[in-house]
């Protein structure tokens, strides 16, 4: 069999294996899903009044803040669920069955590709759940066209792919699940210091560059623009560049780690 | 491949099964060069490692079907092979339970069944019976014998001499990463001058006079026994008996000790070559 059909076939088999794991042991994904949902409810219902007042210059109501925070929460969902990819990759690498795969005449990259595609699908499912919660508490897109919805979905999927590749690299670089989980922690912390909860320009001046020059802020601003009609500006291109760069980096890192001789 | 812990058996299997790359050397498996065409080697071999290479999170049956998919068998054939092998390895009843709940012997059987899905002509078995109870070990031996009689080449590592004696056509003794000896079990036994006739005495005086008369013997003054080197053939034995008669020596017990693989093993992998154990816990 030539390379491409072999790659597709073996990767599909590996994907099925990973989805089977996820379906049989969903607790990891569901636990990680709790963080963004808790954040959403906490910021809207506990801190909501102050936050709305801050955002709208003193007279906004809570629904304005819901609209502001949901795009950030969606991006945060990606950051938090890909931690699951880092953990499951590192757990998987410790399994004897991976050594078996390495001695079989299968497409070399299929193990990793199966993890990546499986993780992206899990992230998308998580996004649907979080979006449902957001709709339930009153989030409404103001004027998004079908095309803008499609672009928003594509952006979320691309961002999920980028962070998954990085998380898979982290999983491969970690000796065990605990280390993988610690190493992937920044993926859930970065949204906290982005424009997810408050606008970057309301932060202290010295801190603004940190919020500005990281992948979450441009991605969140782009999503906001698509769903709520705010100004996107350069953020669209910056977000796409971040996604492509992170994907390429994570891909090269992961494949070189996987192709090393195992210990 | 026979050797003590740390001799390099698992490393040898890892290299030959393409899991890790060799530092040096020119290696061929099934006619394919390991360095230039590892994928062709992989297509020819099956590996069952020391630590079970099964996916514990999914069921035994799902493990088998996974292998069938990775060997690109058509769906119906995959199901057939899975059912046949599960039956043959007495796993049909447990087929729908997660592999992590299997006992050690069951895991090892599932492991080997998974290896057989692709009908490899060369199988590497790295210490397939380590940690198994006597019954499971015996089962595993029967399975291995059946494979060999089907024409499969089996490369087996073990630290049990009995196992090598039972199963192997050719034995290589590995010590400190080097092959110390190679050949059939009989050839190896001939290498070692372990055979002797042992004479035991009750009376210290008879022992002393026999020892003086016999001259070239190994003495054990504590146990009052003498060891006379001998290959254990009838002719050699009669010569010793005749000689004892002419010297008028009467021993209380006479035993013939023929060399076994134990002698070979201890002689070739003796304490002088204590293996350097890798520090597993240093991480």
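State log₁₀ I(q)/I(0) for the stretch A:3-259 at q = 0.12, 0.16 Å⁻¹ as given by the Debye formula over alpha-carbon point scatterers of equal weight, solvent excluded.
-0.71, -1.16
Can you give the % of DSSP beta bridges in chain B that are antiparallel, to the nearest 5?
65
Expressed as a rounded percentage, what relative contact order does the stretch B:1-121 have, with Cα pairs under 8 Å and six or more residues apart?
27
Compute the separation of the alpha-carbon centres of the stretch B:85-135 and the stretch B:153-181 and state it in Å as a whole number.
22
Going by how many other Cβ atoms sit within 10 Å of their own, how do B:216, A:148 line up, fewest first?
By the 10 Å Cβ count, ascending: B:216, A:148.
Within a 10 angstrom radius of the beta carbon, how do B:158, B:233, A:35 rank from fewest other beta carbons to most?
With the sparsest Cβ surroundings first, the list reads B:233, A:35, B:158.
Helix A:3-24 against the longest principal axis of chain A: what's the angle in degrees, Cα atoms only, rounded to the nearest 10?
Taking the Cα atoms of chain A, the angle to A:3-24 is about 60 degrees.
Binning at 5 Å from 0, report for the stretch B:9-190 what percent of all alpha-carbon pair distances ends up in each bin.
Spelled out per bin, shortest first, that is 1, 8, 16, 19, 20, 16, 11, 6, 2, 1, 0.
Along the three principal axes, how long is the stretch B:112-190 when you take its alpha carbons, biggest first, rounded to the nearest angstrom?
Extents along the principal axes: 37, 28, 23 Å.
For chain B, what does the helix formula give at 222 nm: sum of -39500 (n - 2.57) over DSSP H segments with n ≥ 4, over the residue count, nearest 500 deg cm²/dmol?
When only DSSP H runs of four or more count, the value is -12000 deg cm²/dmol.
Please report the antiparallel percentage of the DSSP beta bridges confined to the protein assembly as shown, to the nearest 5.
The answer is about 65 percent antiparallel.
So what is the relative contact order for chain A, in percent, with contacts set as C-alpha pairs under 8 Å and at least six apart?
Relative CO of chain A lands at 25 percent.
Kirkwood hydrodynamic radius, the protein assembly as shown, all distinct C-alpha pairs: what's the number in Å?
28.3
If you average over every viewing direction, what projected area does the convex hull of the Cα atoms of the stretch B:195-258 give, in nm²?
The Cα convex hull of the stretch B:195-258, projected and averaged over all directions, gives 3.8 nm².
Per the helix-only calculation at 222 nm, which mean residue ellipticity applies to chain A, given -39500 (n - 2.57) for every DSSP H run of n ≥ 4 and division by its residues, nearest 500 deg cm²/dmol?
Per the formula, -24500 deg cm²/dmol.
Order by neighbour count: B:160, A:68, fewest other Cβ atoms within 10 Å first, most last.
B:160, A:68
Taking 1 over the mean of 1/r across every pair of different Cα atoms in the stretch B:34-134, what Kirkwood radius in Å do you get?
13.9
Which whole-number percent is the relative contact order of chain B (Cα, under 8 Å, 6+ apart)?
Relative contact order here is 21 percent.
Laboratory data are not the source of any read-out in this text; all were calculated from the coordinates shown. Just so it is clear, the structure is predicted and the values come from calculations on it, not from any experiment. For neighbour counting, all protein chains shown are included, and Cβ atoms are generated from backbone atoms with ideal geometry for every residue, glycine included.
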